[in-house]
Amino acid sequence: MTEHLTIVDHPLVQHKLSIMRDKDTSTKSFRQLLREISHLLAYEVTRSLPMTTRTVETPLEPMQAPTIDGKKLALVSILRAGNGLLDGILDLIPNARVGFVGLYRDEETLQPVQYYNKLPSGLEDRLVIAVDPMLATGNSSAAAIDLIKQAGATNIRFLCLLAAPEGVARMKEAHPDVPIVTAAVDSHLNASGYIVPGLGDAGDRMFGTK
Ligand code: URA
């Protein structure tokens, strides 16, 4: 993956995202749509995985069949909203290793505060896909990537649903080696650090906590 930012402009992704943005969309529908969209985003973020072949005996004859090369992928969910993307990606990559980074945003400083960090072993040999639906200020995402790099990962991609230009810029400055895949880049952040027009608080919308 060579582009720093990939926007997945597939009609299904864009259509589903528009329904998710609607403030009248229920928690149940939001969650279902997030799961569906995460399948499509997972498809895109894994597009350039290295491939090899293995011998498969079909009912007719042996063949060299394409298969993904290397160690199992690692998915890292940035809690708590990352879990909404994680579940859908695991539908497609069920043997992935899974880690969690817990960061909350201090509402005054908007800076990330870490409260949990549990990552799979062998990250130096795995492609790591870090997931968080909302790339807002980029502070939490950049801090999560710092932790993932400290654990040894050198091949990392970041997958989100929505990004703000400020977050994309922050990530590019802090981690220019980490490609970002997203469904859209919105207009800006408001004073509270929310993406505008956005979809509100992704965690609250998927877990029904507001
Ligand atoms: N986190 C969210 O859930 N929504 C935003 O708009 C920004 C950060």
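Worth a mention:
- Scanning segment 151-210 for residues that are part of a helix (DSSP H, G or I), within 11 Å of the ligand (Cβ to nearest atom) and free of Cβ contacts under 8 Å to residues at least 12 places away in the same chain gives a single hit, D204.
- Among the residues of segment 113-149, those identified as out of contact with any Pro (no Cβ under 7 Å at 6 or more places or on another chain) and closer than 19 Å to G198 by Cβ are V131, D132, P133, M134, L135, A136, T137, G138, S141.
- Of residues in segment 92-110 being over 19 Å from D204 (Cβ atoms) and in contact with a helix residue (DSSP H, G or I) (Cβ under 6 Å, 6 or more places away or on another chain), the one farthest from the ligand (Cβ to nearest atom): L92
- Qualifying positions in segment 78-87 - assigned to a strand (DSSP E or B) and not β-branched (V, I, T): L79
- Inter-residue pairs, beta-carbon under 8 Å, first surrounded by fewer than 14 Cβ atoms within 10 Å (Cβ to Cβ) and outside any strand (DSSP E or B) and in segment 88-110, second basic (K, R) and at pLDDT below 95, 6+ apart: N95/K72
- Residues of segment 60-81 that are small (G, A, S) and out of contact with any helix residue (DSSP H, G or I) (no Cβ under 9 Å at 6 or more places or on another chain): A65 alone.
- Taking the numbered list (1) modelled with pLDDT under 95; (2) away from the ligand (no atom under 16 Å from the Cβ) in turn, L123 passes all entries but (1).
- Unique residue being β-branched (V, I, T) and farther than 30 Å from P197 by Cα when the list is I89, I68, I78, I19: I68
The values are calculated or read from the model by the stated rules, or taken from the named source; none is laboratory data. What you see is a predicted model, and the numbers here were worked out from it, not measured in a lab. A quick note on method: Cβ atoms are made from the backbone with ideal geometry, for glycine too, and the neighbour counts reach across all protein chains shown.
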